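Working notes, beginning with the structure itself.
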Amino acid sequence: MSSRIAVVGTGYVGLTSAAALAHLGHDVVGIDIDANKVEGLQRGELPILEHGLDELVAEGVDAGRLRFTTDGVAAVVDRQFIFLCVPTPQGADGAADLSYIQEAARTLGPHLASDSVVVNKSTVPVGSARVVAAELRRDDVSVVSNPEFLREGSAVADFLNPDRVVIGSDDRAAAMATAELYSSLNAPIMITDPASAETIKYASNAFLATKLSFINAVAAVCEAVGADVADVVTGMGYDTRIGPEFLRPGPGWGGSCFPKDTQAMVRIAADAGYDFGLLKGVVEVNDQQFDRVVDKIRRGAGGTLEGATVAIWGLTFKARTDDLRDSPAIEVASRLLAAGASVTAYDPTVEPGDESKAVPDGVRVVGDPLQASTDAAVLAVMTEWDQFRWVDLHRVAKAMTGDAVIDGRNLLNPTEVRAAGLSYDGIGRS
Ligand code: NAD
């Protein structure tokens, strides 16, 4: 059955949700306060890099099931469902900042159709369904919590093939109606109360971050005892109770979700009287991991970063996205600059001189990986872009003044790196 849906916020989650819901046959209007973004979308230009999303948006627009506007007040009047997909960044005290959600609910509340359902897809702490309801000031509108689990880089595929759909509401009819929107997907749909739905999202991200910090800590042990973390992960992963997923060592985790969601979970627990020491440790290990990478680069530069030139390959928080928010590469680059190094970086999604990208002042962005390596004492691989595997390492070795390669993603083949006359240091690799 086709429903009339408004999606508020057309970022990574909102734009993907809007296009995918249109693909499922619903009539969707995407609303954003960013006029540049909306004008671009109206011209068919996507503000983000996301595999398959441009085709899906074009399909929805061409079929007349998807449009975009800045005029949210006019757009919501005939909508049965209003999805909130606005940011919930980390506030000053670690808690999620709900001001975007509150602002959207306050602005749109008076204009919603009777019996419509506000579906909260943003990641929000326990109790937020009540916060949204209070801002809406509407007894005839229901609020449902429907956290999103998509991953940037595979957002479209994740939305259309989810492991599960979680819906939390005290209003059974509204929850069932929301579940119906997803009925054509081949996925378990779980209906629960709002607090459980909201906790499922934070607990899931906290657990994934825990796995990453765990394997980074194991990688440190591997380096100390002469084991190879790749073999350790393979050996662990055969155990069906453990599995191989999310046990890939790296330079530390980041991105637009894990850092803020782990902090928010620590804060939610503390506010409720529980000291989540385990999760604090997970965050602490991650911070140490950035330092461990910086230390490797320092050693590669001969013991000091003062005046050293470091090449960084990759700035996004992972491959297949253009998102730089809380990227480990940016964190490490900032620590290198603070220690007196010069940093030259290449990333396939960052144009040299692109002011709109959140690259720290002092990082010189260039247009190809070889150029980034030129005159570098150390080369650090920070994002697992596939193209880095195929760069001619002999040319890299010739271009560099030093010979150290620090592979923060265990992406390169150590034998090939050494064959090019360079030294190799990965994460947890013997
Ligand atoms: P984003 O920053 O990419 O997009 C948010 C959009 O909302 C922006 O375009 C902004 O202009 C718009 N906006 C802000 N206030 C608005 C308002 N009042 N009306 C209309 N538009 C408004 O954010 P995102 O990464 O899509 O994340 C959105 C939410 O989803 C967050 O709570 C996040 O934690 C959660 N989430 C994100 C991901 C992810 O991978 N990015 C995954 C799952 C959940």
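The values are calculated or read from the model by the stated rules, or taken from the named source; none is laboratory data. From a predicted model like this one, the values you see are computed outputs, not experimental measurements. Every residue, glycine as well, gets a Cβ built from its backbone with ideal geometry; the counts of neighbours run over all protein chains shown. Each accessible area value is taken on the protein alone, full model and side chains, heavy atoms only, with ligands, DNA and RNA left out. Shrake-Rupley method; radii C 1.70, N 1.55, O 1.52, S 1.80 Å.
Listing for the model above:
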item: Debye, to nearest 20: dipole size of the chain, +1 on Lys, Arg Cβ, -1 on Asp, Glu Cβ; result: 540 debye
item: Potential extension, residue 430-residue 299 segment - 0.36 nm per residue separation minus Cα distance; result: 45.5 nm
item: Among 377, 2, 126 the positive-end extreme of the charge dipole of the chain (Cβ point charges); result: 377
item: Per-pair calculated FRET efficiency, R0 = 35 Å: residue 185 and residue 140 via Cβ, rounded to 0.05; result: 0.75
item: Sequence-distant residues sharing a close amide H with residue 407 (under 5 Å, placed H); result: 381, 425, 426
item: Point-charge dipole on Cβ atoms (K/R +1, D/E -1) for segment 284-425, about Cα centre, debye to 20; result: 400 debye
item: Cα-projected label distance for residue 176 with residue 114, points at 7 Å along beta-carbon direction, nm; result: 2.1 nm
item: Nearest 10 degrees, 0 to 90: helix 99-108 Cα axis against the chain principal axis; result: 30 degrees
item: Nearest-10 value in Å² for the accessible area of residue 23, using the 1.4 Å probe; result: 80 Å²
item: Inter-part distance where segment 164-188 and segment 192-232 are each reduced to a Cα centre, Å; result: 29 Å
item: Solvent-accessible ranking of 299, 364, largest area first, probe 1.4 Å; result: 299, 364
item: Cα-based helix-to-principal-axis angle, 258-271 vs the chain, degrees rounded to 10; result: 60 degrees
item: FRET efficiency, residue 387 to residue 228 (Cβ-Cβ, R0 35 Å, nearest 0.05); result: 0.85
item: For segment 377-393, 3J(HN,Hα) per residue [Karplus equation, 6.51 cos²θ - 1.76 cosθ + 1.60, θ = phi - 60°, Hz, x = Gly/Pro]; result: 7, 9, 10, 10, 8, 10, 10, 8, 4, 4, 4, 5, 5, 9, 5, 6, 6
item: Charge dipole of the chain about the Cα centre (unit charges at C-beta), most positive-ward option of 288, 41, 102; result: 288
item: Carbon + sulfur, % of accessible area of the chain - ligands and nucleic acids excluded, 1.4 Å; result: 51 percent
item: Mean ellipticity per residue at 222 nm, deg cm²/dmol - from DSSP H runs of n ≥ 4 across the chain, formula -39500 (n - 2.57); result: -12500 deg cm²/dmol
item: Between helix 328-338 and the chain: long-axis angle, C-alpha atoms, 0 to 90°, nearest 10; result: 50 degrees
item: Long-range HN-HN contacts of residue 308 with modeled amide H, under 5 Å; result: 342
item: Efficiency of FRET from Cβ geometry, residue 338 and residue 418, R₀ 35 Å, rounded to 0.05; result: 0.70
item: Selection from 303, 387, 366 lying farthest towards where the dipole of segment 286-407 points positive, charges on Cβ; result: 303
item: Over the chain, equivalent-ellipsoid semi-axes from the Cα gyration tensor in Å; result: 42, 24, 19
item: Accessible surface of residue 142 - all protein chains present, 1.4 Å probe, nearest 10 Å²; result: 20 Å²
item: Area of residue 68 that stays accessible when all protein chains are in place (1.4 Å probe, Å², to 10); result: 10 Å²
item: Partner lysines for residue 318 [C-alpha distance under 21 Å; skip if fewer than 8 residues away on the same chain]; result: 201, 211, 260, 296, 357
